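Data first, discussion second: the structure below is written as structure tokens.
The values are calculated or read from the model by the stated rules, or taken from the named source; none is laboratory data. Source: prediction; values computed, not measured. With ideal geometry, Cβ positions are generated from the backbone for all residues, glycine too; neighbour counts draw on all protein chains shown. The protein model used for the area step is the full one, side chains on, heavy atoms only, and it has no ligands, DNA or RNA in it. Shrake-Rupley method; radii C 1.70, N 1.55, O 1.52, S 1.80 Å.
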Amino acid sequence: MKTHNVTGGKGVQLHVVEAGNPSGRPILFIPGNSQCWLAWNRQMNSDLAAGHRLVAMDWRGHGLSEKPRDGYADSKLCADDLNAVIQTLKLDHPVLCGWSYGPIWILDYVRHYGEEAIGGMISVGGVTKLGSDDANSVIDPRFFSLVPGFFSTDVEESTSSLRSLLRFCFAQPLPADELFLMLGYNVSVPPYVRQGNLTRLVDNDDLLPRLRKPFLIVQGALDAIVKRSAVDQIRAKVPHAQVEMMANVGHAPFWEDATVFNQKLRAFVEQCSTASASKPVVA
């Protein structure tokens, strides 16, 4: 693997990791709120690398990227960050794969830069709106019970909430080494970053019907954070979206059943590759 430092919106330094075939179709992995590129380790270190250029980024405030005090609610800055990675690394029509909160950032990019430079989009256990009753209706209430801890500057309270979040992410208990790795990169995110992201008011219902590039929704059948109705919400607005429900996994299907997830990912990326970069997908 190699690492890159990319200058994002307002000069924020972004940490980006790359693996795989430099000549292959790029896949850009975007982790969720409070996560980092390591969430995609079972894709970055997989046989996907033989045929694809694999790129994973730490969002601003996350992982080894810079952690400014503000700017997390600014959709243009978010769009600028993602655009900077695509342009700096010269990614040729990458497929954007976002987990949980990740599709929000992908749609920030599309709102400001359009779809022309990308090959397709993947939402994994994802949401497309925040802050309204309609947005909250697709989130399990147990998640909201953890939010005060996410914002707390008390280390014990914050760590306890993040540990509970990780337990909700998986249908089966994680081995201790995996749990503590994930807990480590979650607690490295300052509370003000989580608060800045989660207190945004976002509604992409106007944007979704205008999407024309291939769109894939992947959802774990046992997801305990994002309800199945979130899939229905997105599918109603993006008629050409494909849906893949994965059995026996929770909110992080790419980790719990990486073999099946990677197969579905590869098939979708190949589909994107056969479509013209400039020709829209018609619903």
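Using a 1.4 Å probe over the heavy atoms of the protein chains, calculate the carbon and sulfur portion of the accessible area of the chain as a whole percent. Answer for the chain: carbon and sulfur cover 52 percent of the accessible area. Legend: residues E270, E256, sorted from most to least accessible area (1.4 Å probe; ligands, DNA and RNA excluded), read E270, E256. For segment 1-118, the alpha carbon positions stretch 38, 29, 24 Å along the principal axes, listed from largest to smallest. In whole percents, the pair-distance distribution calculated for segment 42-193 from its alpha-carbon pairs, binned every 5 Å from zero, is 2, 8, 14, 19, 21, 17, 12, 6, 1, 0.
Suppose all protein chains stay in the model; what accessible area per residue would a 1.4 Å probe give for the chain, in Å²?
Value for the chain: 40 Å² per residue.
Of the cross-linked pairs K2/K129; K10/K264; K90/K264, those separated by over 30 Å at the C-alpha level are K2/K129; K10/K264.
Rounded to 0.05, the FRET efficiency of the A176 and D92 pair, given R0 = 41 Å and the Cβ-Cβ distance, is 0.50.
Look at [x] 58; [y] 66; [z] 53: the one that is percent of Cα pairs over 22 Å apart derived from this structure is [z].
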